[in-house]
Structures are given as structure tokens and as C-alpha cells.
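Okay, structure first, notes after.
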Amino acid sequence: MEKVFGRTKGLTDVPFHYCPGCTHGIIHRLIGEVLEELDIIEDTIGVAPVGCTGFSLDFFSCDFVGAAHGRGQAVATGIKRALPDKIVFTIQGDGDIAAIGTAHAIHVAARGEKITSIMVNNALFGMTGGQMAPTTLAGQVTTTSPYGRDCAVVGTPIDLPKTIATLNGAVYVAAVSVDTPKNIMQAKKAIKKAFQVQQKGLGYALVSVLSTCPTNWGLSPVDSLKWLRENMMPVYQMGELKVAKEVEAL
Amino acid sequence: MEKVLLKGNEAIAEAAIRSGCKLFFGYPITPSTEIVEYLSKNLPKAGGLVLQGEDEIASINMCHGAAATGARVMTASSSPGYSLKQEGLSNLAANELPVVIVNINRAGPGLGGLGPSQADYFQCTKGGGHGDYRLIVLAPSKAQEMYDYTMNAFDLADKYRTPVLILADGFLGQMMEPIELKERPAVELPAKDWATNGCKGRAKRKICSYALTNEVMEGYCLQWEKKFAGIQQAEQQWEEFYADDAEYLFVGYGTCGRIAKDAVLKARAMGLKVGLIRPITLWPFPEKAFAPIKNTVKGIVCVELNAGQMIEDVKLAIECKAPVVLCNRQGGMLPSENYILDAMLKNFNIAISEGV
Ligand code: SF4
């Protein structure tokens, strides 16, 4: 019988230990497929700082380096500068890239660092048990905003990709979601392009992926997808936020 | 052999280039800046790269990434900047990544002052960041040693897969002295068969020190403990100056070691049996240097540019068998040889006519 679907070579056979219904697994699968399709598994070094994405080290078939909280992009810079011909990517949560790692997020883009960053945005700190992140929505209840995020006190959510898109060195910036099959296909296209940008040495590429956290949102997996659609998508600008001229041809 | 006039900081930079360091990530801070400036000018000519990070934290983490690929890499800073690197250093030690770091110690705490100081001794020798780890710490006392120890630092880092620190001060960093540009010593070093540089033709590798299972974490800790214990036994270095028959001893490192040499010569000219032990490795502290003299020495003056930090290690090394007193200056001030010799004579009631 013809095999029509199988595990991508971009992933190892270590079972994901993400919570049931968490969309991290889909994002991993998409990255794994892209690594396989572009035939870059053996040329790629991934970097995962602290957070739920910190488990990634075991899941991908390529070499991987763990980094301190927020420092993934600085570590990735060091790898890429040492091995300019290799493919280097970071996979990091919103609580990592948009809070403690903001300085690095801005400066890799400003430098046009030839790396790819995948930001997994679930609007809170997942691994530590659901605390408020800079991406937490107005009124959203977390363990450190138990009465709902009060924007008068802590400001409004950061739409990091929008900021990154203003920097010249960032040549491809997209925000996608993995809540429906259609969006998953689009997400994969964006992730693939973000790696192709690096293959061609065009500059920095960031893809933000809206993702669910059923555990800390206190919702079922299906309701989580609905919550993401109804609450996150209107706040975060979706689609390709920036496609520099040199990337259009891809 | 080629001899040139260089500032201490430049000697470090030149030695790095000649040690095969291809990458430098740093952030300018006085009084260490000549290192990043010299390398910005000269490392590209040697096929290397200097990248100025957005901050000290970025720079040390860029070192982390470069070291993970197996490249020789260095960063340099000065006290307030060195504080910012602690998180990164803890991670480098845990992930067993060889990086050479330079701290040109300035007066502190806080923003402090730019003058020579040894106030970072505790931070540099006791770990500095979170968790149980040590850095190998080398303390030069002249420009030639800034050069030689830097070469040694790269080899030690690769030998033990661990970060190695050069600790000096602005006085040593800024002072110009003639330097022999020695060739890199031929040492056999272990293959970097752990580097994450793409898994072509081999199993994937990961570099990570994270464990959510206590049993696994304890295993890691035991491994690190064993490694640091091995370094402690094998790598103690120090210089002795008239220490053999000394009844009274100075202990001082870096600039203080240098000043104490003059004080020893003065004392000897007076007929006093005074010597010096100058620790070269501050970690591991050279306790072996004190074993032969701990029962015979009558008194020790620990000379430091801080409120008294290394003195604790000296007391431990001598097992409190002889009195140890502190003679210090702080805030960027240096003691003269007369100042420290006086401290010795007064503290231990040494009468010059006695001809000790
Ligand atoms: S805590 Fe949230 S983000 Fe983390 S694995 Fe569980 S559901 Fe996913």
C-alpha cells in the first residue's frame, strides 16, 4: 500500500510532551517538514531558549543548542557568525522574545542577522504556569493578572512583528496561525519562505505563529482554537507584514 | 623573536589573534576598551570578525553560540559590564563551552571609578553567577604575562571545555611594556567532538544543561564537581620570589604582586628574610604554594586593592597557622612598596636592627 503520510525526517521519534491540544506540535511539524523539503536538516543548527519551546532540542533532527531565557537570538548570532554557511534558527515563545529577550529581538533585525526566528505567541508565559506576558490581551486573566490585564497599569499588548518590520535588516516578517487547516498551510508557506530568505542570505526573517495554550487558558483544545480566533487575531496584525523587494522574487 | 611595545590590553588582543581566536563579541567599557579597539582593527586582517553586541549580555551569549560550533572566541569587559555577563558565564560553565573572558577590574561597587582595583576577586573566583561552578582565573602582573596567559587561557578553555577568565586591572591594561610576540605553544588538545556544527554524516548533537528530573540534574552536578575538583588539583599556578627561606611573606596578585616584589627587595637589602607568593591562578587558588611554608612562616601580609577578599583564601591555605594581616588601598589607589613594607614591619613588630 502506498504511504501517503508519515513522520517528517525533520523531527526525531521522541514523542512531544506538550500538553494535549497544544498547537506547539503542529508548529514543530511544519518546521520539520520545511527542513526536510529544503534538504537542510544536516546543515541546520536550532536554538531554543527557555519556555515550552525549550523542549525542542530533542524533537528536531538537526543539531540544537539550548539558551538562557531570552538569549536565543544572541546565541544564534554567535553560531551564524562562526558558521555563515549553515542555517540557524531560533524557536522561542512570546514571553521570551517580547519580554526578556527584546533587546536581542530588535538588534538581530537591525543588524540583518542572517537567521530565522519562529516566535510562538500564546499570549502568556506557558511553562511557568500561565503568567502575564507583554503579549497578554487586555482584560486577559493570568496568574499575575488575576483581575484581567489592566492596560492602565501595564500598558497594551506588544505586537512585536510590527516593530521588527520597521527595521531595515528584517526582510521578511509574517504573522500566521495554526488554528485551521487553511491557516496551517499558510503558516507553512511563511515558515518555508523565512528559511529560504536565509538560504539566499537576504537578511533577517521572523515568523510569529499564534498558538494555543489550553492548559493555562483553562479551555478545551477546541475552545482554545475558537478563543485564539476571536481574541488574538483581531489584536495581532496577521499575514505578511513585510516582504522586502529582494524577497518578493522567492 | 619579534619584540614590540604594547599596552597590556593590546597584548591580550594580539595574543588572542595569535592563539587562533577568530571571533570577538564585545561592548566597549573603560578601562578594557583597547581590547575591542585593537581587535576591530587587526582581527579582520587575520580572517576573523569583531561584532559589537547590543549589550554585555548579548556579547557573552554570542560567545556561547560561537563556542558551541567549536570556534575559539573571546569577550572582554570591565567590572560593571562583567557583572552583566554572569548569567552567560553560568550557562557557559554548565554547557561546558570554552570561551576566554577578560575582566579589566575597575573600582566598585556600583559604577565605581576607572582606577585599578581588585574588588571583583570574590565575583571572579567564587563563580559569580548562579549555581555551583568556577572559572579558571589567571592573573597577570605585567604586559608580557597578559600576552602569555591569554595564550594559556585558550588552551585551558579547550582542554577542560570551560570558560577561562583573565583578571587584570586598568593599570596593567593601560601600561606600555615591551613584549615578545611568542608563537602559540604546541599543546595537544582534545578533539571538539561535541560541537554543534551541522549533523552531516553523524548523529545529531545537542548542547544543553537543562534537566527537569532531579536525578538527572544531580548526575550533571556530580560531573561538574568532579571536573572542577580535577582542575583544582592540576592547574594551580603561582610565582615565588625569595619565598624559600622567608620568615615573613607578602601575598599579592597582579599589580600588588608587582609592587610587593620591590618591597621584598627592599626588605632583603635591610637583611630581612621577606618573600612573596604571587598567585597566578586565583581559581584554583594555589594552596599548594603554602604547604611547604605553613609551619615556618611567622607572618603574612596580604596585599590587595579591595577591602580584603583574597585574604580569606590565604588564611585557608595557611590553615591559620600564622597570622595573616591585610594591607590594602581601594577606589583606584595603589600602595607604594614602602607602604606595604611598613605594614609588615609594624604589624609583626619587626625591628630592622634585629636582622631577621
Ligand atoms: S503549557 Fe501551554 S504552551 Fe506549554 S505545552 Fe502546555 S499547552 Fe502548550
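Only the coordinates and a few stated rules stand behind these numbers; no lab work does. Since the structure is predicted, the reported quantities are computational estimates derived from the model, not experimental observations. No Cβ is skipped: glycine too gets one built from the backbone with ideal geometry, and neighbour counts run over all protein chains shown.
Which one, B:Q237, B:L212, B:L5, is farthest towards the positive end of the dipole of chain B when Lys and Arg carry +1 and Asp and Glu -1 on their Cβ?
In chain B, that residue is B:L212.
Across the stretch B:105-118, in residue order, what do the Karplus-derived ³J(HN,Hα) couplings come to in whole Hz, using 6.51 cos²θ - 1.76 cosθ + 1.60 with θ = phi - 60° and x for Gly and Pro?
Rounded to whole hertz, the list is 4, 10, 5, x, x, x, 5, x, x, 8, x, x, 7, 10.
What is the gain in length, in nm to one decimal, between B:A203 and B:K294 on full extension, counting 0.36 nm per residue of separation less the C-alpha to C-alpha distance?
So the extension gain works out to 27.5 nm.
Of all beta bridges DSSP finds with both residues in the stretch A:24-244, what is the antiparallel percent, to the nearest 5?
20
Taking R0 as 56 Å, what FRET efficiency do you get between B:N214 and B:D342 from their Cβ-Cβ distance, rounded to the nearest 0.05?
Calculated transfer efficiency: 0.50.
Of B:A246, B:A16, A:A105, which is farthest towards the positive pole of the protein assembly as shown's charge dipole, taken about the Cα centre with +1 and -1 on the beta-carbons of Lys, Arg and Asp, Glu respectively?
Farthest towards the positive pole: A:A105.
In whole Å, what three semi-axes, largest first, describe the equivalent ellipsoid of the stretch A:24-244 built from its Cα gyration tensor (square root of 5 times each eigenvalue)? All intermediate terms of the calculation are to be shown ahead of the outcome.
Details: eigenvalues 141, 64, 54 Å².
Semi-axes (√(5λ), whole Å): 27, 18, 16.
Taking the Cα centre of the stretch A:28-73 as the origin and placing charges on Cβ (Lys, Arg +1; Asp, Glu -1), which of A:V65, A:G51, A:L38 is farthest toward the positive end of the dipole?
Positive-most Cα among the choices belongs to A:G51.
Quote the charge dipole size of the stretch B:3-234 about the Cα centre in Debye, to the nearest 20; the model charges only the Cβ of Lys and Arg (+1) and of Asp and Glu (-1). Display every interim value, and only then the final one.
Numbers: 24 positive and 24 negative charges, 148 e Å.
My answer is approximately 700 debye.
A:E37 to B:R184: FRET efficiency via 1/(1 + (r/R0)^6), r the Cβ-Cβ distance, R0 41 Å, to the nearest 0.05?
Values: r = 44 Å, r/R0 = 1.08.
For R0 = 41 Å, the calculated efficiency reads 0.40.
If I take R0 = 25 Å and measure r between the Cβ atoms of A:T156 and A:K226 in this structure, what FRET efficiency does the formula 1/(1 + (r/R0)^6) give, to the nearest 0.05?
0.65
Specify the angular offset, from 0 to 90 degrees and rounded to the nearest 10, of the alpha carbon long axis of helix B:56-68 from the longest principal axis of the alpha carbons in chain B.
Taking the Cα atoms of chain B, the angle to B:56-68 is about 60 degrees.
Order B:29-37, A:36-44 from most to least packed using the mean count of other Cβ atoms within 10 Å.
My ranking of the peptides, most packed first, is B:29-37, A:36-44.
Can you list residues from other chains, or at least 5 along the same chain, whose modelled amide H is less than 5 Å from the amide H of B:G299?
Amide H neighbours of B:G299: B:L249.
Please report the relative contact order for the stretch A:24-244, taking Cα pairs under 8 Å with a sequence separation of at least 6, and give it as a percent rounded to a whole number.
19
What is the local net charge at B:A307, summed over the other residues whose Cβ is closer than 13 Å to its Cβ (Lys, Arg +1; Asp, Glu -1)?
Taking every Cβ under 13 Å from that of B:A307, the sum is -2.
Dipole size in debye (nearest 20) for the stretch B:190-229 around its Cα centre, Lys and Arg Cβ +1, Asp and Glu Cβ -1?
Result for the stretch B:190-229 is approximately 400 debye, rounded to the nearest 20.
For labels at A:F5 and A:V235 in the simple 7 Å Cα→Cβ model, what's the distance in nm?
Result for the modelled spin labels: 3.2 nm.
Helix B:214-234: angle to the longest alpha-carbon principal axis of chain B, degrees 0 to 90, nearest 10?
50
What's the long-distance tail for the stretch A:158-250, i.e. % of Cα pairs beyond 20 Å?
39
Given Cβ point charges of +1 (Lys, Arg) and -1 (Asp, Glu) and nothing else, what value in debye, to the nearest 20, does the dipole of the protein assembly as shown about its Cα centre take?
860
Which angle between 0 and 90 degrees, to the nearest 10, do you get for helix B:337-347 versus the longest principal axis of chain B when only C-alpha atoms count?
The answer is roughly 60 degrees.
For a quick check: with amide H placed at 1.01 Å from N, whose amide H comes under 5 Å from B:G115's, ignoring anything fewer than 5 positions away on the same chain?
The answer is B:A107.
Per-residue HN-Hα couplings for the stretch A:44-59, Karplus 6.51 cos²θ - 1.76 cosθ + 1.60 at θ = phi - 60°, whole Hz, x for Gly and Pro?
Per residue, the Karplus-derived 3J(HN,Hα) values read 10, 10, x, 10, 10, x, 6, x, 4, 5, x, 7, 4, 3, 7, 8 Hz.
Could you pull out every residue, at least 5 positions away or on a different chain, whose amide H is within less than 5 Å of the one on A:S61? Hs are placed 1.01 Å off N in the peptide plane, and Pro or chain starts have none.
A:L11, A:T12
Given bins 10 angstrom wide, list per bin the percent of all Cα-Cα distances in the protein assembly as shown, short to long.
3, 16, 24, 21, 16, 10, 6, 3, 1, 0, 0
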